[in-house]
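J.: For reference, the structure I am asking about is given below.
All of the numbers you see were taken from the coordinates with simple rules; none came from a lab. All of these numbers come straight from a predicted model, not from anything done at the bench. Here the Cβ positions follow ideal geometry from the backbone for every residue, glycine too, while neighbour counts run over all protein chains shown.
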Amino acid sequence: MSRSVSRSVIVVGGGLAGIAAALDCAQAGASVTLLESRGRLGGQAYSFTRDGLTADNGQHVFLRCCTEYRDLVERIGAGSLVTLQDRLEIAVLGPGGRRGRLYRTDLPVPLHLAGALVRYPFLSPRGRLSAALAMRALERVDVDEPANDVRSFGAWLRAHRQSARSVQALWELITRPTVNLRCEDASLAQAAYVFQQGLLSDPVAGDVGHARVPLSQIHDAAAAAALERAGVTVRRRAAATSIAPGFTVSLSGGDRLSADAVILATGPERAARLMPAAAGVDPASLRALGSSPIVNVHVVYDRPVLDVEFAAGVGTPVQWVFDRTESAGVTEGQYLVVTLSAADAELGMPGEAIRERYLAALGELLPAARDARLLRSFVTRDHAATFRAAPGHRALRPAARTALDGFALAGAHTDTGWPATMEGAVRSGRAAAAVVLAASPATMTAETTLAGAAAG
């Protein structure tokens with residue numbers, strides 16, 4: 001369709017939201033400059049090198065229902081660098097060699113999960129029936145009803161007769177890694193959205209995908225090449241210090257850039273500092289979103305100890321464990337990463353104490369690890385990995401559209417409906433691009449298709 005576009009757009013922030021926004025604006029014919037304060041693109045989904053090992057900052061996965069993220073990966077020419085399950089299959093491990101799995105069949109929703117639930121060994125027969133009934137009730141929760149956002153998911157589960165055992169053995173396995181909060185601390189509406197989109201909308205929606213290479217090969221190298229092909233000017237280590245209506249963006253080195261439109265695609269704390277008053281967004285509401293941490297324990301053994309690509313843990317401190325041997329290019333032994341979401345307790349622990357705890361837990365969970373020799377291990381912490389999708393926090397999430405014509409917001413914290421995920425980030429960037437392309441003053445017209453983008 002034909003849209004009026006601005007002559008020039010500045011995108012502040014080179015994470016997934018900023019990359020998606022820049023590509024859409026460039027595709028529409030705008031002259032785009034992307035500013036990134038760090039020396040790399042990719043935002044919160046990146047890689048780094050430690051002790052000769054290429055590691056990701058966290059084990060980011062996506063689902064088949066993450067259509068906008070998957071589309072972005074294809075757009076930047078990185079489709080061969082990710083993999084997606086043919087069908088949902090998650091190994092669930094418990095101490096003492098107990099093992100189960102969560103999987104789907106091709107039956108219609110919700111029967112596609114019935115076989116897995118009936119055979120799930122970490123719940124009693126009564127617990128399985130109760131969980132199935134709660135799943136059906138969760139399917140009917142109106143995620144746009146404010147009363148459901150202010151209610152705790154944990155409180156809802158108790159009201160639907162979910163025992164503490166059921167919460168730990170089933171509901172936390174999905175809620176904690178996707179919302180980055182415990183069920184007790186998460187908004188009902190946000191948790192329901194995750195289950196509805198990922199498990200209850202379509203039988204294939206929950207199939208799991210992940211990167212086959214370090215994340216920065218996709219979100220930095222491939223994205224940078226795609227931005228260059230699209231004609232986007234990318235400036236790394238260019239930190240914006242202020243944004244004035246009009247628009248003028250001042251940089252820390254003293255440079256000042258002007259454009260017809262600006263997309264602010266940073267995290268909420270930085271967005272609060274840069275927000276022009278005329279945008280009509282209260283910086284205090286952005287800061288009130290808060291943050292939730294993620295901690296990762298990286299372990300390299302001298303031999304294979306895990307026989308699947310990834311697994312969830314029940315009855316163990318290990319929430320999820322991933323085999324990253326091939327993606328990191330490790331040629332000796334097996335490289336595992338234990339990912340701990342909502343890891344507030346671990347933030348206060350010394351690194352050695354964390355290593356001791358999780359090496360012991362891996363030994364209880366994976367019998368082969370008991371006799372394996374540890375080649376290396378280290379701990380990484382992201383103190384503010386995501387915003388907190390806590391009860392009542394959706395009202396704090398800003399829309400892409402602001403009161404300032406030509407100025408839009410992007411980032412996983414904006415009101416996409418999704419929690420702080422790669423999918424939410426990409427959707428936010430496309431929504432922000434749609435806002436400035438539709439609303440900004442124009443001197444040229446371009447043909448563009450912005451499938452899936454919403455005007456906020």
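J.: Considering amide H positions built from the backbone, and no H for Pro or chain starts, which residues 5 or more places from Arg101, or on another chain, come under 5 Å of its amide H?
T.: It is Val92, by chain and number.
J.: Then there's this: Quick one: order Tyr301, Tyr120 by neighbouring beta-carbon count within 10 Å, fewest to most.
T.: Ascending Cβ contact count within 10 Å gives the list Tyr120, Tyr301.
J.: Taking only Cα atoms, what is the 0 to 90° angle, nearest 10, from helix 188-198's long axis to the longest principal axis of the chain?
T.: Roughly 80 degrees, rounded to the nearest 10.
J.: If you don't mind, there's one more thing I want to ask. Over the Cα atoms of region 1-136, what radius of gyration and what Dmax do you get, in Å?
T.: 21.6, 64
J.: Oh, and also: Provide the FRET efficiency to the nearest 0.05 for the Arg7-Arg212 pair, computing r from the beta carbons and using R0 = 35 Å.
T.: 0.30
J.: Okay, next question. What does the net charge come to around Gln319 if you take all other residues with beta carbon closer than 12 Å to its beta carbon, with K and R at +1 and D and E at -1? Present the calculation step by step, with values, prior to reporting the outcome.
T.: Numbers: positive: Arg176, Arg182; negative: Glu172, Glu346.
The answer is 0.
J.: Follow-up. By how many degrees, between 0 and 90 and to the nearest 10, does the Cα long axis of helix 125-139 differ from the longest principal axis of the chain?
T.: 10
J.: Taking only C-alpha pairs under 8 Å that are 6+ residues apart, what is the relative contact order of the chain in percent? Kindly include the intermediate steps, with their values, before the conclusion.
T.: Details: 1049 pairs, mean separation 119.1, N = 456.
Relative contact order of the chain: 26 percent.
J.: Among DSSP beta bridges lying fully in the chain, give the percent that are antiparallel, nearest 5.
T.: About 75 percent, rounded to the nearest 5.
J.: If each residue of separation counts as 0.36 nm, what is the full-extension length gain between Asp51 and Glu184 once their alpha-carbon separation is subtracted?
T.: Stretched fully, the Asp51-Glu184 segment lengthens by 44.1 nm.
J.: For region 331-415, list log₁₀ I(q)/I(0) at each q in 0.12, 0.15 Å⁻¹, using the Debye formula over Cα point scatterers of equal strength and ignoring solvent, two decimals each.
T.: -0.59, -0.74
J.: Cα extents of region 105-204 along the three principal axes, largest first, in whole Å?
T.: 34, 28, 22
J.: Related question: Treating the angle as unsigned and between 0 and 90°, give the value, to the nearest 10°, between the Cα long axis of helix 422-439 and the longest Cα principal axis of the chain.
T.: Compared with the principal axis, the helix lies near 20 degrees.
J.: For the pair Leu107 and Arg158, how long in nm is the line joining their label points, each one 7 Å along Cα→Cβ?
T.: Calculated label separation equals 3.3 nm.
J.: Could I ask something else about it? As I understand it, the dipole of region 370-443 uses +1 on the Cβ of Lys and Arg and -1 on the Cβ of Asp and Glu, about the Cα centre. Which of Ala412, Leu374, Ala384 lies farthest toward its positive end?
T.: Of the candidates, Leu374 comes out farthest on the positive side.
J.: Given the C-alpha centroids of region 76-145 and region 264-327, what is the distance between them in whole angstrom?
T.: Using only Cα atoms, the two centres lie 22 Å from each other.
J.: At 0.36 nm per residue, and after removing the present C-alpha to C-alpha distance, how many nm does the segment from Ser285 to Glu356 gain when stretched out fully?
T.: The span from Ser285 to Glu356 would gain 21.6 nm if fully extended.
J.: Shifting gears a bit: Restricting things to Cα coordinates, could you compute the convex hull volume per residue of the chain in Å³? Display every interim value, and only then the final one.
T.: Numbers: hull volume 62.8 nm³, N = 456.
Residue-normalised Cα hull volume stands at 138 Å³.
J.: How charged is the neighbourhood of Ala159? Take every other residue with its Cβ under 15 Å from the Cβ of Ala159, and add Lys/Arg as +1 and Asp/Glu as -1.
T.: +4
J.: When a footprinting reagent is the concern and you count Cβ atoms within 10 Å, what order do Ser252, Ser152 take, fewest first?
T.: In increasing order of surrounding Cβ atoms, one gets Ser252, Ser152.
J.: Now a separate question. Starting from the 7 Å offset along Cα-to-Cβ, what nm value, one decimal, do you get for the label separation of Gln168 and Ala147?
T.: So the label points at Gln168 and Ala147 sit 3.3 nm apart.
J.: Next up: List residues of region 303-321, by number, whose backbone nitrogen lies under 13 Å from a label position 7 Å along Cα→C-beta of Arg98.
T.: 313-317
J.: Also, I was wondering about something else. Among Thr105, Gly14, Gly43, flag the residue with its Cα farthest along the positive direction of the charge dipole of the chain, charges on Cβ as +1 for Lys/Arg and -1 for Asp/Glu.
T.: Thr105
J.: Find the centroid of the Cα atoms in region 148-223 and in region 9-65, then give the distance between the two in whole Å.
T.: Cα centroid to Cα centroid, the span is 23 Å.
J.: With each run of n ≥ 4 DSSP H residues scored as -39500 (n - 2.57), what mean residue ellipticity at 222 nm is computed for the chain after dividing by its residue count and rounding to the nearest 500 deg cm²/dmol?
T.: -8000 deg cm²/dmol
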